[in-house]
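Enquirer: Below you will find the structure I want to go over with you.
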Amino acid sequence: MADLTTKYLGLSLSNPIIIGSSGLCASVDNILDLEKAGAGAVILKSLFEEQIMMEVDASLREAYRNDMIYSAKSESLDYIDLHIRERTLSAYIELIKEAKKRLMIPLIASINCVSSAEWTNYANRLEEAGADALELNIAILPTDENTGADKIEKVYFDIIEKILSKVKIPVAVKMSPCFTNLAQMVKRLSATGINGIVMFNRFYTPDFDINNFSEKSSNTFSAPSESGNVRRWIGIMSSRVDCDLAASTGVHSSEDMIKQLLAGARAVQVVSAIYKNGKEHIQEMLGGLHRWMNEKGYNTIEQFRGKLSQDKNENPSAYERIQFMKYFSEIK
Amino acid sequence: METISDILKSERQQAWRDELRKSMKAKERTSIPRVKMPEQDPHVRNKNHSEVNLGLTDEMAIKEAQRCLDCVDPTCITGCPVGINIPKFIKRIEQGEFLESAKTLKETNALPAVCGRVCPQEVQCEANCFYVQKLKKDPVAIGFLERFAADYERNSGNISVPGVDNKNGIKVAVIGSGPAGLAVAGDMIKWGYDVTVFEALHEIGGVLKYGIPEFRLPNEIVDVEIDNLKQMGVKFETNFIVGTTATVDDLRKEGFEAFFVGSGAGLPKFMNIPGENYRRIFSSNEYLTRVNLMNAANPDYDTPVFSGKNVAVIGGGNTAMDSVRTSKRLGADRSMIIYRRSIEEMPARVEEVKHAQEEGVEFMNLNSPVEYFADEKGNVNKMLVQKMELGEPDSSGRRRPVPLEGSEYEVKVDTVVVAIGVSPNPLIPASMPELEVTDWGTIKVDKDTMQSSVEGIFAGGDIVRGGATVILAMGDGRKAAKGMHEYLKSKVGKK
Ligand SMILES: Cc1cc2nc3c(=O)[nH]c(=O)nc-3n(C[C@H](O)[C@H](O)[C@H](O)COP(=O)(O)OP(=O)(O)OC[C@H]3O[C@@H](n4cnc5c(N)ncnc54)[C@H](O)[C@@H]3O)c2cc1C
Ligand SMILES: Cc1cc2nc3c(=O)[nH]c(=O)nc-3n(C[C@H](O)[C@H](O)[C@H](O)COP(=O)(O)O)c2cc1C
Ligand code: SF4
């Protein structure tokens, strides 16, 4: 029987399926169910600064409306953002502690960062609570016309430097695919001392409702077709980086997973497919991987991992072809 | 039914008020500049613990009272949370009838000497004064005058101890001896109840004693009020923690028929940043309590001294101002306020900010601590501070402080006091699961009766409002006493 174990961020995983950061991993019961269903590891829902600010606003509004609560010159409301952040953080820490008590598989905490000044100071508390690793969900949408690329890139490095100085557990960075010099950025990130890079973050995209002239959310879940770009960059970078790579976005089937492993990923993160098909889907994907490995005669993942990465590919230039001239010209 | 506004109108039409109004032209009144409170010299007072403000003389008070126009529609009253008849008490001062003035105050305010000193008048009565609203001039010094009349009465030795109804034998318990609890006790004893106040600490008075320092509110003033209550028959049980020493249920078994929870908001909050557990980093609550109740300021006592030389106080409210000014008085070379917004946005009373500045406190606004460091003994010796800028407004309309990337710098400190707000004391709500609380941890009450979700249990003050003010706590106490009185009357009626 094939051995599905893999190592990611120095952690031993029973198989390469990680349930990615999402509402799937927001309660102890859910996480335990995912473990039972066969997940190799779980990443908790991210702690979001933005969400805290929304809660702060709601709480302030409520305090000003409630004439029993003193709001005019209140010292406590003056610092309510810190107090609410602390409450959120305590709840998160409690989640880690409780989950760790009952969980056998690795538990990775996740923080959403848009600057180096927010959560970085709290990282060691997540470590103390027992998280096995930390994933930094660095989400910067470059909408400020006055901020140059160098400045945005620097935020990544500032965050990483701060976090690495605070914690000893492995750290992974979940990055955006939007960089002009993606290869250089990945390479530089991998050299900072982090243990892994997750390629890529998938941003929420607003859409328009053309009948009501309003905004609506779109495409909450990914489509399998989205995995192509991830596969390309994992393939290009897997042999060049100094850390592990995990694939995220568009991994829906065992075939998608196998392709990412062939490109060089050590693990895949799956979210949309679980939302759509339920946690039973984990077994289906693992079954597919098993069958394929048996068919191809592989006993371990390491025997084929990276087999189709750019440096091992017989046609390395295929990875860099973006126009597909020949291909398109033949379509009539 | 006669409304409050009818009563105010008919009082205003009384002959003495009418005469007084006519005795001086409005123009003359408005041309008098606002009185300046005599105070100790900043460089003297920052080395002693005596009161900073010295009080108005009779002449000053009368002159200031003349400024009041005795408006037809006295908007100042709407700014006072307990609706003191402000023009009437002020006109009594103008008239020279200081004791009458004090009596007017006491109709609605059980602690005028306290409120005159500590109310944030600039956002309450004085903010609503005609001078501010219409003339764009300095308001009548309502707070100074309130203090004047109350002090006059106290110093005259003519404090009237209110009459007490015949004892009805019904036992009521007041939990906490802060302004809310004292106000309940005062009214309930007047109405003939058998009142016992249970206080966790060894001193009576709540924040008035352990929080607000002597240089702002001398203990003697609070003691006079407490003595009055004692004379009227209120019993005080100190070192008695309801929920630990005995529960509400235990007290019920002892025959207490109604309860008032005025346990305040004494649970300190911290920023939870790295190093905050080092020694010599205190909550403002602990710092002030040590100094005020445990004689830490007195070198003859052996409570640990912690008169640091470089003291940083985090926060911008009254608690922060009290802590930082206390540190100066304990001999600090450098007393710093580190606050994340600008000075105008501080929640502290304007007068306290001004006094602190005069006393040599350094204001480091738009700054916030990010980490503390300690020496080999674990005593804090350094802090990392980050500069802030003001970003988008939040839903209260105030601009949010946002950290400035890469702006961190170090400050040498040997004592840090964290004064960033408090939470309601959780002991009583935790010991009574049937008591409904809000998301803020405050006890839910009916607005009119102050009764909680549990019959016979009333609450008010900071435990209901979150950290609030003395006058609100006292007003709640009086409202709760009324609610409790009605409740007990109907309960007896049913028996
Ligand atoms: C340093 C400082 C400065 C302030 N400055 C001002 C100011 O300038 N102006 C202003 O208006 N307000 C000011 N405030 C706020 C004001 O003092 C409070 O809003 C007010 O005292 C609240 O009154 P309270 O009766 O609800 O509670 P408190 O005054 O807090 O009294 C509660 C009492 O209950 C006791 N207690 C708690 N739990 C129990 C229990 N389980 N059993 C028995 N006893 C218990 C506590 O020991 C305490 O004595 C200040 C507060 C502080 C801390
Ligand atoms: C409902 C939902 C919630 C998510 N929440 C988070 C989150 O808190 N933090 C995070 O880093 N990514 C979050 N994501 C993104 C996923 O972790 C993942 O990167 C993305 O969905 C692409 O993977 P997929 O194709 O397997 O869905 C969320 C995705 C979904 C659908
Ligand atoms: S009690 Fe406070 S608000 Fe009311 S009149 Fe006095 S100072 Fe003004």
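The values are calculated or read from the model by the stated rules, or taken from the named source; none is laboratory data. Nothing here was measured: the structure is a model prediction, and the numbers come from that model. Because the Cβ atoms are built from the backbone with ideal geometry, glycine has one as well, and the counts that use them run over all protein chains shown. These accessible areas exclude ligands, DNA and RNA; they are computed on the full protein's heavy atoms, side chains included. Shrake-Rupley method; radii C 1.70, N 1.55, O 1.52, S 1.80 Å.
Enquirer: With label points built 7 Å along Cα→Cβ from the Cα atoms of A:Asn146 and A:Arg102, find their separation and express it in nm.
Expert: According to this spin-label approximation, the distance is 5.1 nm.
Enquirer: Jot down the radius of gyration and Dmax of chain A, Cα atoms only, both in angstrom.
Expert: 21.4, 74
Enquirer: Which order do the peptides B:28-36, A:161-169 take when ranked by the mean count of other beta-carbon atoms within 10 Å per residue, highest first?
Expert: The packing order, highest mean first, is A:161-169, B:28-36.
Enquirer: Report, to the nearest whole %, how much of the accessible area of the protein assembly as shown belongs to carbon and sulfur atoms, 1.4 Å probe, protein only.
Expert: Here it works out to 51 percent.
Enquirer: State, as an integer percentage, the relative contact order of chain B based on alpha-carbon contacts under 8 Å between residues 6 or more apart.
Expert: Values: 990 pairs, mean separation 70.8, N = 495.
It comes to 14 percent, rounded to a whole number.
Enquirer: Tell me the per residue accessible area of region A:49-148 using a 1.4 Å probe; a whole number in Å² is fine.
Expert: Computed with neighbouring chains in place, this is 42 Å² per residue.
Enquirer: Assuming R0 = 35 Å, what is the FRET efficiency of B:Glu97 and B:Met37, from their Cβ-Cβ distance, to the nearest 0.05?
Expert: My answer for the efficiency is 0.95.
Enquirer: What whole number of Å gives the distance from the Cα centroid of region B:134-183 to the Cα centroid of region B:31-102?
Expert: If we compute the Cα centre of each part, the gap is 16 Å.
Enquirer: A follow-up question, please. Kindly identify region B:338-495 as rounded, prolate or oblate by the Cα gyration tensor criterion: order the square roots of the eigenvalues as a ≥ b ≥ c, call it rounded if a/c is under 1.5, otherwise compare a/b with b/c, prolate if a/b is larger, else oblate. Before the final figure, lay out the partial values.
Expert: Numbers: a/c = 2.68, a/b = 2.30, b/c = 1.16.
Judged from the Cα gyration tensor, region B:338-495 comes out prolate (a/c at least 1.5, a/b above b/c).
Enquirer: Find which of B:Thr326, B:Val242, B:Leu288 sits farthest along the positive direction of the dipole of region B:189-331, computed with +1 on the beta-carbon of Lys and Arg, -1 on that of Asp and Glu, about the Cα centre.
Expert: Farthest towards the positive end: B:Thr326.
Enquirer: Where both partners of a DSSP beta bridge lie in region A:6-329, what percent of those bridges are antiparallel, to the nearest 5?
Expert: Details: 8 of 37 bridges.
Beta bridges within region A:6-329, antiparallel portion: roughly 20 percent.
Enquirer: Anyone know which of A:Ser12, A:Ser254, A:Ser272 comes out most mobile in the 10 Å Cα GNM of chain A?
Expert: A:Ser12
Enquirer: Roughly how crowded by other chains is peptide B:438-445, in terms of the mean Cβ count from those chains within 10 Å of each of its Cβ atoms?
Expert: 4
Enquirer: If you take every DSSP beta bridge fully contained in chain B, what fraction is antiparallel? Give it as a percent rounded to 5. Don't skip to the end; give the middle numbers.
Expert: Details: 20 of 54 bridges.
The answer is about 35 percent antiparallel.
Enquirer: For n ≥ 4 DSSP H runs only, could you compute -39500 (n - 2.57) per run for chain A, divide by its residues and tell me the 222 nm figure to the nearest 500?
Expert: -12500 deg cm²/dmol
Enquirer: Ok, one more. So how much accessible area does B:Cys76 have, in Å² to the nearest 10, using a 1.4 Å probe?
Expert: For B:Cys76, the solvent-accessible surface is approximately 20 Å².
Enquirer: Summing -39500 (n - 2.57) over the DSSP H runs of n ≥ 4 in chain B and dividing by its residue number, what mean residue ellipticity at 222 nm do you reach, to the nearest 500 deg cm²/dmol? Working shown, then result.
Expert: Working: 21 runs with 189 residues, N = 495.
My calculation for chain B gives -11000 deg cm²/dmol from helical runs alone.
Enquirer: Per-residue counts of other Cβ atoms within 10 Å, averaged by peptide: what ranking do you get for B:163-172, A:40-49, highest first?
Expert: Ranked from most to least packed, the peptides come out as A:40-49, B:163-172.
Enquirer: Of the listed peptides B:48-54, A:184-190, what is their order by residue-averaged count of other C-beta atoms within 10 Å, with the highest listed first? Write out the running numbers ahead of the final one.
Expert: Working: B:48-54: 16.0, A:184-190: 18.0.
The densest-packed peptide leads the list: A:184-190, B:48-54.
Enquirer: Relative contact order for region B:1-118 using alpha-carbon pairs under 8 Å, separation at least 6, rounded to a whole percent? Each step should come with its number before you reach the end.
Expert: Details: 92 pairs, mean separation 24.4, N = 118.
Over region B:1-118, the number comes to 21 percent.
Enquirer: Give me the inter-chain shielding for B:457-467: mean count of other chain Cβ atoms within 10 Å, whole number please. Kindly include the intermediate steps, with their values, before the conclusion.
Expert: Details: counts 0, 0, 0, 1, 0, 2, 0, 3, 7, 10, 7.
Partner-chain Cβ atoms within 10 Å, mean over residues of B:457-467: 3.
Enquirer: Sort out for me the Cα centre separation of region B:432-479 from region B:196-240, rounded to whole Å.
Expert: Between the Cα centres of region B:432-479 and region B:196-240 lies a distance of 20 Å.
Enquirer: Pop a pseudo-label 7 angstrom from the Cα along the beta-carbon direction at both A:Lys312 and A:Asp3 and give the gap in nm to one decimal.
Expert: 1.7
Enquirer: To continue, here is another question. Round to the nearest 10 and give me the degree value, 0 to 90, for the angle of helix A:49-65's Cα axis relative to the longest principal axis of chain A.
Expert: Long axis of A:49-65 versus the principal axis of chain A: about 20 degrees.
Enquirer: Taking the solvent-accessible surface of protein heavy atoms with a 1.4 Å probe, what is the per residue accessible area of chain B in Å²? Before the final figure, lay out each step's value.
Expert: Numbers: 20780 Å² over 495 residues.
Using a 1.4 Å probe on heavy atoms only, each residue of chain B averages 42 Å².
Enquirer: Right, another one. Answer rounded, prolate or oblate for chain B, using the Cα gyration tensor with square roots of eigenvalues a ≥ b ≥ c: rounded when a/c is under 1.5, else prolate when a/b is larger than b/c, else oblate.
Expert: Oblate, because a/c is 1.5 or more while a/b does not exceed b/c.
Enquirer: Can you tell me which of A:Ser71, A:Ser225, A:Ser21 moves the most in a GNM of chain A? Springs connect C-alpha atoms under 10 Å apart.
Expert: Its mean-square fluctuation being the largest, the pick is A:Ser71.
Enquirer: Please give the Cα centre distance for region A:175-241 versus region A:9-70, rounded to the nearest Å.
Expert: Value for the Cα centre distance between the two parts: 21 Å.
Enquirer: Across peptide A:82-90, how many C-beta atoms of other chains are within 10 Å of each residue C-beta, on average?
Expert: 3
Enquirer: For region B:436-489, what does the alpha-carbon gyration tensor say about shape, rounded, prolate or oblate, given a ≥ b ≥ c as the root eigenvalues, a/c under 1.5 as rounded, and a/b over b/c as prolate?
Expert: In terms of gyration-tensor shape, oblate.
Enquirer: Place a +1 charge on the Cβ of each Lys and Arg in region A:6-329 and a -1 charge on the Cβ of each Asp and Glu, then give the dipole magnitude about the Cα centre in debye, rounded to the nearest 20.
Expert: 1200
Enquirer: At 0.36 nm per residue, and after removing the present C-alpha to C-alpha distance, how many nm does the segment from B:Lys137 to B:Val164 gain when stretched out fully?
Expert: 5.3 nm
Enquirer: Give me the compactness ratio for region B:309-365, meaning the Cα radius of gyration over 2.2 N^0.38 Å.
Expert: Its radius of gyration relative to the 2.2 N^0.38 Å reference: 0.96.
Enquirer: Another one. Over both sides of the B-A contact, add up the buried accessible area with a 1.4 Å probe and give it to the nearest 100 Å². Could the numbers behind the result be given before it?
Expert: Numbers: alone 22410 and 17360 Å², together 36440 Å².
For B against A, buried area totals roughly 3300 Å².
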